[in-house]
Amino acid sequence: MSCASSHASPSPPTRWSGDLIQVVAETARLVLRELTDADLEAIQAYASDPAVVEFLPWGPNTEDDTRRFLSAVMAGRAARPRRQWDLAIVLRREPRLVGGCRLHVTDEIAGEADLGYALARGYWGQGLASEAARALVEFAFTRLGARRVWAVCEPANPASARVLEKAGLRRERFLRAHRFMKGRWRDSYVYACDSPGR
């Protein structure tokens, strides 16, 4: 299944809070940009919310957890070749950090990358996660040259399944008890889409 273009616009480096911060993509309502240490408080606000992280392999975070996450992000950004993009989801109109998203290259030879996202609870139900996911898919195909983008989603999390479907991914298979997370084995659906030129 090929993915349609999201029309997200890649952007040049932008001045943000006194630092030169790379904006990875912009959409009608969002800016996806690199994270900085100054984002600690905003990340912690959603990463410590049990409802936000219910279906995620991490969290709820302590402040130390979030500091370690930011340190890992900085290390991943410095790696060459770079394989991880962990980004802030920022509202264009304010701007306010309302969540995070990631794109990780999982197989460089095959051109595969997986995506993920987390959004502060007060911003659920507005289509923002789908908008961010579509922009990540576009970035993967047009900027990274990826051939395939995939993600996993628990059957008990239909809201996330809708996010992936709106981003152009389609359900491919079911994995029973394929990962142990937060004290129990979890099932997953695998969603994916291929580059339009594949």
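The values are calculated or read from the model by the stated rules, or taken from the named source; none is laboratory data. Just so you know, these numbers come straight off a predicted model, no measurement behind them. Cβ coordinates were reconstructed from backbone atoms using ideal geometry, including for glycine residues, and neighbour counts include every protein chain displayed.
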Q. Mind checking which pairs have a first residue in segment 67-85 that is in contact (Cβ under 8 Å) with a residue 60 or more places away in the chain and a second that is assigned to a strand (DSSP E or B), Cβ under 6 Å, 6 or more apart or different chains?
A. TRP85/LEU103
Q: From ASP114, ASP49, grab the single residue that is in contact with a Phe, Trp or Tyr (Cβ under 6 Å, 6 or more places away or on another chain), surrounded by 15 or more Cβ atoms within 10 Å (Cβ to Cβ), closer than 26 Å to ALA156 by Cα and charged (D, E, K, R).
A: ASP114
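Quick one: count up the residues across segment 93-110 that are touching a Lys or Arg at 6+ places or on another chain (Cβ under 8 Å) and in contact (Cβ under 8 Å) with a residue 40 or more places away in the chain.
The qualifying residues number 2.
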Q: Restricting attention to segment 163-179, report how many residues are over 18 Å from the mean Cα position of the chain (by Cα), surrounded by 12 or more Cβ atoms within 10 Å (Cβ to Cβ) and of a type in the set (Gly, Ala, Ser).
A: 0
(Q) Given the condition surrounded by 14 or more Cβ atoms within 10 Å (Cβ to Cβ) and closer than 17 Å to ALA151 by Cα, answer yes or no: does some residue in segment 56-77 qualify? (A) yes
Q: Collect the residues in segment 180-197 that are assigned to a strand (DSSP E or B), surrounded by fewer than 12 Cβ atoms within 10 Å (Cβ to Cβ) and out of contact with any strand residue (DSSP E or B) (no Cβ under 7 Å at 6 or more places or on another chain), keeping them in residue-number order.
A: PHE180, ARG184
Q: Examine segment 148-160 for a residue that is surrounded by 14 or more Cβ atoms within 10 Å (Cβ to Cβ), closer than 28 Å to VAL31 by Cβ, in contact with a Leu (Cβ under 7 Å, 6 or more places away or on another chain) and of a type in the set (Ser, Thr, Tyr), and state whether such a residue exists.
A: no
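Given the structure, is GLU131 in a helix (DSSP H, G or I) and closer than 15 Å to ILE89 by Cβ?
On the way: in a helix (DSSP H, G or I): yes; closer than 15 Å to ILE89 by Cβ: yes.
Yes.
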(Q) What pairs come out if I take residues in segment 15-29 that are within 21 Å of ARG143 (Cα to Cα) and of a type outside the set (Phe, Trp, Tyr) and pair them with residues that are modelled with pLDDT of 50 or more and surrounded by fewer than 15 Cβ atoms within 10 Å (Cβ to Cβ) whose C-beta lies under 6 Å away, six or more apart or interchain? (A) ARG29/ARG92
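Looking at ILE89, ILE43 in this structure, which one is assigned to a helix (DSSP H, G or I), touching a helix residue (DSSP H, G or I) at 6+ places or on another chain (Cβ under 6 Å) and either at pLDDT below 95 or under 24 Å from ARG134 (Cα atoms) (or both)? Break it down stepwise before answering.
Numbers: ILE89 fails: assigned to a helix (DSSP H, G or I).
Only one candidate passes the filter, namely ILE43.
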Q) How do the pairs read when you match residues in segment 142-159 that are more than 10 Å from ALA113 (Cβ to Cβ) with residues anywhere that are of a type in the set (Lys, Arg), using Cβ under 8 Å and keeping only pairs 6 or more apart or on different chains? A) GLU154/ARG186
